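Each remark here refers to the structure printed beneath this line.
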Amino acid sequence: MSSLVDPRFRTTYIDPDKVEPVKKRAVAEMMSLPAPANNSTPQQPGTAVQVRQEDAQPPPKKKMTLAAFFKKNPVSSPNQSEAEKIETELKSFLLTPEVDPDTNPLEWWKRHQPNFPRLSVLAKKYLSIPATSAPSERVFSVGGGIVTCHRACLKPEVVDRLVFLAKNV
């Protein structure tokens, strides 16, 4: 999943047989995540903005050009379901141009969050996890110090307790 939402890799390192299941899983997970807020001006929690009726004016009507009538907006149309919007967003993300391998993916998502609001939430979830094995290697190192050739007959439960005590005391 993290490879899919990383703009440097996308589906490059996913087995071709598993690309579609990963996409379906991503869509399902985005459906379960809270919808991104569309507010362009963040407000403090608990503050309310009151507008008097005479102060509120309708926005001025925009003149439409001939080209605007023929322009198609594939990203979001009002009659699309949420699942279709998410699938369209994922497809458009996968069609974006490749990025430099030295690009920081979290900074990329920060810049492109307005273009992919739902997918950016999923990307932040998976890309914020540090990819390191140092803590697990330390535990195995402690376990190697406990289970020596003189103590090879220790039961697994006893080894678990001794490792726990060694790391937490």
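The values are calculated or read from the model by the stated rules, or taken from the named source; none is laboratory data. Bear in mind the structure is a predicted one, so any value in this text is a computation, not a measurement. Every residue, glycine as well, gets a Cβ built from its backbone with ideal geometry; the counts of neighbours run over all protein chains shown. For the accessible areas, the whole protein counts, side chains as well, though only heavy atoms, and no ligand, DNA or RNA atoms are used. Shrake-Rupley method; radii C 1.70, N 1.55, O 1.52, S 1.80 Å.
Annotations for the structure displayed:
- Note on segment 117-139: residues that are at pLDDT 90 or above and either open to solvent by 60 Å² or more (accessible area, probe 1.4 Å) or part of a loop (DSSP other than H, G, I, E, B) (or both) amount to 2.
- Matching residues in segment 77-96 - criterion: being modelled with pLDDT under 90 and not charged (D, E, K, R): 77, 78, 79, 80, 81, 83
- Entry remark, segment 140-169: residues being surrounded by fewer than 10 Cβ atoms within 10 Å (Cβ to Cβ), hydrophobic (A, V, I, L, M, F, W, C) and part of a helix (DSSP H, G or I) number 1 in total.
- Scanning segment 86-116 for residues that are surrounded by fewer than 17 Cβ atoms within 10 Å (Cβ to Cβ) and closer than 20 Å to residue 25 by Cα returns 88, 91, 92, 94, 95.
- Pairs where the first residue, in segment 95-120, is more than 26 Å from residue 82 (Cα to Cα) and the second is part of a helix (DSSP H, G or I), C-beta under 8 Å, 6+ apart: 99/108
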